[in-house]
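Novice: Below is a structure I'd like to ask you about.
The values are calculated or read from the model by the stated rules, or taken from the named source; none is laboratory data. This one's a predicted model, so the numbers in the text were calculated from it and none came from an experiment. Ideal geometry is used to build each Cβ from the backbone, glycine not excepted, and the neighbour counts take in all protein chains shown.
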């Protein structure tokens, strides 16, 4: 479904120096697969998502989505950012409908869909509220609805629960799993949390920083539906340990190389 | 009896809060009142002549005696402010959109804007009278010139202050530049627009008076000049007080419009998370 081949991304920093954000990255995510990308800050995880979304073009390499080469922004992805980034002037419902308005599609038939999505994430009855009146978790739920409104086959999530408190974060993780159970999507999910990654993903991709490289690509074969109860199981711990090991070993290796 | 007692307990914090609010609201009035009384007493006690510093009572009685004329002057000044400020809003908003549309346009237009802004408007006023004639036009143009620059700058800053995620959302939806402007950039600029409007509305009063100083046969600026020429200082003070009131009322009107139509734009804790 999503295939990145030999992707390198070089940015020019403010002082003109060249900064390699990604270096020779190969990655493929199958259709309806849930992939989590874990890695330290500055490993180019967010860059990877933006490349898949077609928001930026790679310095080298090719990206294919659904067998077609990505050469610009595409409407078949939904994006959820770390911050909810809802528009403070628009009601929750208007915010959810915003992508369709930006695309210039008629919204009459989509109103019901937006209401259904809000109902699904427990925001029924909050349609007319302004985002400022909602808690951070509720805002992020609305942002997820916004990403789903045009029913994209691909969902790109850039540390979507990173700004939430620990309890809300667990709640949202489960919520996302149930959404994914209901409406199968290909999800690429960036996170700092190993537990979150193992709990959510079919496969966990570990990246290293400066330059961003893929260190390991682990399949998570834990049974679904998943819950936090599994966290104590040895299978879960084994996967989490191997993810942790590959992050840690890579860091040590990097320090030695220097 | 018991129920009454419970009710009292419930009311008490409310009543106390209301009293506290009243007390807080009355403090500015009390301090202004004390200042006026002290002023009045000083002028009477030290027998300061009227033409140097008139007592508040004298300001009031002389201004009130000419209330029809003063009202006419006030109306003339308000008209100048309305046209000048309106013109500034009408021109600065499209100009801000133009300036922010591309770096090339910005590089072309900004120097001209800065040049115009660098010219002292008071120096420009007599020239404008020569060019535009001895009517209300030079006054309106001076008012316009004084208040349009802060508007352009603040709205342009607002249009460029859009968080990058909003722009990415627009791009991922392949929104046209027009949709991006109307649906995202313009609403983002609203808080900036209002901070610009608050500066501009205050400056517009200054602009109108400057225009009236240079060439006018009516308006509060003209009234100040003509009455001081004849040492009718109390009347000049009356005009100054009215100008201050106009400034306060117009500023509060802008604040009220923002609160009423763009409550999310007001930095009020109720609308922040």
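Novice: Name the one entry in A:46, A:28 that is touching a residue at least 12 places away in the same chain (Cβ under 8 Å) and within 14 Å of chain B (Cβ to nearest Cβ).
Specialist: Selected residue: A:46, the only one of A:46, A:28 that is touching a residue at least 12 places away in the same chain (Cβ under 8 Å) and within 14 Å of chain B (Cβ to nearest Cβ).
Novice: Out of everything in the range A:77-106 that is assigned to a loop (DSSP other than H, G, I, E, B) and closer than 20 Å to residue B:177 by Cα, what residue ends up being farthest from the other protein chains (Cβ to nearest Cβ)?
Specialist: It comes out as A:106.
Novice: Out of the residues in the range A:145-163 that are away from chain B (no Cβ under 12 Å) and under 18 Å from residue A:112 (Cβ atoms), which is surrounded by the most Cβ atoms within 10 Å (Cβ to Cβ)?
Specialist: Selected residue: A:145.
Novice: Can you name every residue in the range B:196-232 that is crowded, with 20+ Cβ neighbours inside 10 Å and farther than 22 Å from residue B:129 by Cβ?
Specialist: Passing the criteria: B:196, B:197, B:200, B:201.
Novice: Only one of B:89, B:116, B:99, B:43 is touching a residue at least 12 places away in the same chain (Cβ under 8 Å) and not assigned by TED's automatic domain parsing to the domain that holds residue B:135. Can you tell me which?
Specialist: Sole residue among the options that is touching a residue at least 12 places away in the same chain (Cβ under 8 Å) and not assigned by TED's automatic domain parsing to the domain that holds residue B:135: B:43.
Novice: Checking the structure you have, find out if any residue of the range B:141-161 is more than 22 Å from residue A:77 (Cα to Cα) and outside any helix (DSSP H, G or I).
Specialist: Checked the range B:141-161: at least one residue is more than 22 Å from residue A:77 (Cα to Cα) and outside any helix (DSSP H, G or I).
Novice: Restricting to the range B:59-95, count the residues that are surrounded by 16 or more Cβ atoms within 10 Å (Cβ to Cβ) and within 20 Å of the chain's Cα centre (by Cα).
Specialist: 16
Novice: Okay, next question. Quick one: residue B:123 ticks every box in (1) out of contact with any strand residue (DSSP E or B) (no Cβ under 8 Å at 6 or more places or on another chain); (2) under 24 Å from residue B:186 (Cβ atoms) bar one, so which box is it?
Specialist: Failed condition: (2).
Novice: Another question about this same structure. State which residue is nearest to the other protein chains (Cβ to nearest Cβ) when the search covers only the range B:156-180 and only residues that are out of contact with any helix residue (DSSP H, G or I) (no Cβ under 7 Å at 6 or more places or on another chain) and under 15 Å from residue B:101 (Cβ atoms).
Specialist: B:176
Novice: Is it true that some residue in the range B:164-182 is within 25 Å of the chain's Cα centre (by Cα) and either surrounded by 18 or more Cβ atoms within 10 Å (Cβ to Cβ) or not in a loop (DSSP other than H, G, I, E, B) (or both)? Before the answer, list the steps.
Specialist: Looking only at the range B:164-182, we keep the residues that are within 25 Å of the chain's Cα centre (by Cα), and these are none.
Within the range B:164-182, not a single residue is within 25 Å of the chain's Cα centre (by Cα) and either surrounded by 18 or more Cβ atoms within 10 Å (Cβ to Cβ) or not in a loop (DSSP other than H, G, I, E, B) (or both).
Novice: For the range A:150-188, how many residues are outside any helix (DSSP H, G or I) and either touching a residue at least 60 places away in the same chain (Cβ under 8 Å) or on the phi > 0 side of the Ramachandran plot (or both)?
Specialist: Of the residues in the range A:150-188, 18 are outside any helix (DSSP H, G or I) and either touching a residue at least 60 places away in the same chain (Cβ under 8 Å) or on the phi > 0 side of the Ramachandran plot (or both).
Novice: Does any residue of the range B:212-223 turn out to be within 14 Å of another protein chain (Cβ to nearest Cβ) and part of a helix (DSSP H, G or I)?
Specialist: No, the conditions are met nowhere in the range B:212-223.
Novice: Also, I was wondering about something else. Just to be sure I understand, how many residues within the range B:30-69 are outside any helix (DSSP H, G or I), at negative phi and out of contact with any helix residue (DSSP H, G or I) (no Cβ under 8 Å at 6 or more places or on another chain)? Spell out the reasoning first.
Specialist: Going residue by residue through the range B:30-69, those that are outside any helix (DSSP H, G or I) are B:46-55, B:66.
Next cut, at negative phi only: B:46, B:48-55, B:66.
Okay, now just the ones that are also out of contact with any helix residue (DSSP H, G or I) (no Cβ under 8 Å at 6 or more places or on another chain), so B:46, B:49.
Looking only at that region, the number is 2.
Novice: Restrict the check to the range B:135-157 and report whether at least one residue is out of contact with any strand residue (DSSP E or B) (no Cβ under 8 Å at 6 or more places or on another chain), under 30 Å from residue A:56 (Cα atoms), touching a residue at least 60 places away in the same chain (Cβ under 8 Å) and buried (at least 23 other Cβ atoms within 10 Å of the Cβ).
Specialist: yes
Novice: While we're looking at this one, here's another question. Taking the stated definitions as given, is residue A:62 more than 12 Å from every other protein chain (Cβ to nearest Cβ), on the phi < 0 side of the Ramachandran plot and not in a loop (DSSP other than H, G, I, E, B)?
Specialist: On the way: more than 12 Å from every other protein chain (Cβ to nearest Cβ): yes; on the phi < 0 side of the Ramachandran plot: yes; not in a loop (DSSP other than H, G, I, E, B): yes.
So residue A:62 passes the test.
Novice: Which is closer than 18 Å to residue B:72 by Cβ, in contact with a helix residue (DSSP H, G or I) (Cβ under 9 Å, 6 or more places away or on another chain) and modelled with pLDDT of 90 or more, of B:205, B:190?
Specialist: Working: B:190 fails: closer than 18 Å to residue B:72 by Cβ.
Being closer than 18 Å to residue B:72 by Cβ, in contact with a helix residue (DSSP H, G or I) (Cβ under 9 Å, 6 or more places away or on another chain) and modelled with pLDDT of 90 or more holds for just one of B:205, B:190, which is B:205.
Novice: Could I ask something else about it? When residues of the range A:119-135 are filtered for being under 25 Å from residue B:182 (Cβ atoms) and more than 14 Å from every other protein chain (Cβ to nearest Cβ), how many remain?
Specialist: Within the range A:119-135, residues that are under 25 Å from residue B:182 (Cβ atoms) and more than 14 Å from every other protein chain (Cβ to nearest Cβ) number 1.
Novice: Determine if the range B:192-199 includes at least one residue that is without any contact (Cβ under 8 Å) to a residue 24 or more places away in the chain, within 26 Å of residue B:152 (Cα to Cα) and within 14 Å of another protein chain (Cβ to nearest Cβ).
Specialist: Checked the range B:192-199: no residue is without any contact (Cβ under 8 Å) to a residue 24 or more places away in the chain, within 26 Å of residue B:152 (Cα to Cα) and within 14 Å of another protein chain (Cβ to nearest Cβ).
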